[in-house]
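*Asks:* Submitted below is the structure of interest, expressed as structure tokens.
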Amino acid sequence: MELNERQQRILQIVKEEGPITGEQIAEKLSLTRATLRPDLAILTMAGFLDARPRVGYYYSGKNGGQLFNEQMQKLTVKQFQSVPVVVNESASVYDAICIMFLEDVGTLFVVNKKSRLAGILSRKDLLRASMGKQDLESIPVSIIMTRMPNVTTCKPEDTIVEVANKLINKQIDGVPVVREVEEEGIIVHEVIGRLTKTNIAKAFVYMASDDLHT
């Protein structure tokens, strides 16, 4: 976030003389309190300043990197997840290739007859199955998919940073967002979304946007 000249001057005043009231800051800048209100609100919401009733404003002591890290830790999967693209485990490899092409995604989530997560299919899985002279229409995706519980998943309340670390460590492009459901005493997973590298990139763009700080 880039601060304008007046906001930088406000920060300097608070650093040197805080805690200090809004009226005192306005007086030092020869401005009205109403004129400064938007600037003080931006600096407080962005984390540069803290404010206490009857005390005034004081500098938080945090640098830009610390503030950015704190904001990133607040972003959750449910804010940026996309609609999942699923395929039934009885579908053929040929069908899966067509779906992946038409939906323009890099990963398909495989579900069983009860629509619960059974596995996952990547581009590499489908490419590997396509090599040779096999009849792709006769091979079910259940044969080539990565099966549960070997599928990396995430939940809506997980943070973007947590999932980003999973993608890096597992060297994968995306993970299903799941909700845990109990069926006959067993915990299974309902697919409710997907989170990919693209979603995470959108989170970074969101963090850099002016709208976040206004």
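*Asks:* Please count how many residues of the stretch 90-129 are assigned to a loop (DSSP other than H, G, I, E, B) and either open to solvent by less than 40 Å² (accessible area, probe 1.4 Å) or aliphatic (A, V, I, L, M) (or both).
*Replies:* Result for the stretch 90-129: 3.
*Asks:* Further question on the same structure: Which condition number does residue 137 fail, the rest of (1) among the charged types (D, E, K, R); (2) over 25 Å from residue 113 (Cβ atoms); (3) in a helix (DSSP H, G or I) being met?
*Replies:* Every condition holds for residue 137 apart from (2).
*Asks:* Need the failing condition index for residue 132 against (1) in a helix (DSSP H, G or I); (2) of a type in the set (Gly, Ala, Ser); (3) out of contact with any Phe, Trp or Tyr (no Cβ under 9 Å at 6 or more places or on another chain), just the number.
*Replies:* Going through (1) in a helix (DSSP H, G or I); (2) of a type in the set (Gly, Ala, Ser); (3) out of contact with any Phe, Trp or Tyr (no Cβ under 9 Å at 6 or more places or on another chain) one by one, residue 132 breaks only (1).
*Asks:* Further question on the same structure: Applying the selection to the stretch 1-36, what residues are closer than 30 Å to residue 204 by Cβ and assigned to a helix (DSSP H, G or I)?
*Replies:* If the condition is that a residue be closer than 30 Å to residue 204 by Cβ and assigned to a helix (DSSP H, G or I), then 5, 6, 7, 8, 9, 10, 11, 12, 14, 15 are the ones that fit.
*Asks:* What about residue 163, is it at negative phi and either surrounded by fewer than 10 Cβ atoms within 10 Å (Cβ to Cβ) or not in a strand (DSSP E or B) (or both)?
*Replies:* The answer is yes for residue 163.
*Asks:* Looking at the stretch 174-197, which of its residues are open to solvent by 50 Å² or more (accessible area, probe 1.4 Å), assigned to a strand (DSSP E or B) and acidic (Asp, Glu)?
*Replies:* 180, 182, 190
*Asks:* Please go through the stretch 18-48 and give me each residue that is small (Gly, Ala, Ser) and at pLDDT 85 or above, ordered by number.
*Replies:* Taking the stretch 18-48 first, the residues small (Gly, Ala, Ser) are 18, 22, 26, 30, 34, 41, 46-47.
Within the stretch 18-48, 22, 26, 30, 34, 41 meet the criteria.
*Asks:* Step by step: first the residues of the stretch 133-160, then only those that are open to solvent by 60 Å² or more (accessible area, probe 1.4 Å) and within 14 Å of the chain's Cα centre (by Cα), then the one that is nearest to residue 110 (Cα to Cα). Which residue is that?
*Replies:* Of the stretch 133-160, the ones open to solvent by 60 Å² or more (accessible area, probe 1.4 Å) are 133-135, 137-138, 143, 147, 149-150, 155, 157.
Remaining after also requiring within 14 Å of the chain's Cα centre (by Cα): 155, 157.
Details: 155: 17, 157: 22 Å.
Looking at the filtered set, the residue picked out is 155.
*Asks:* Given the options 55, 86, name the one that is β-branched (Val, Ile, Thr) and under 23 Å from the mean Cα position of the chain (by Cα).
*Replies:* It is 86.
*Asks:* Specify the residue that is farthest from residue 194 (Cα to Cα); the eligible residues are those in the stretch 49-83 that are open to solvent by 70 Å² or more (accessible area, probe 1.4 Å) and modelled with pLDDT of 90 or more.
*Replies:* 79
The values are calculated or read from the model by the stated rules, or taken from the named source; none is laboratory data. Note that the structure is a prediction, hence the values are computed from the model and not measured. In this analysis, Cβ positions are derived from the backbone assuming ideal geometry, glycine residues included, and neighbour counts consider all displayed protein chains. Please note that ligands, DNA and RNA were not included when accessible areas were found on the heavy atoms of the full protein model with its side chains. Shrake-Rupley method; radii C 1.70, N 1.55, O 1.52, S 1.80 Å.
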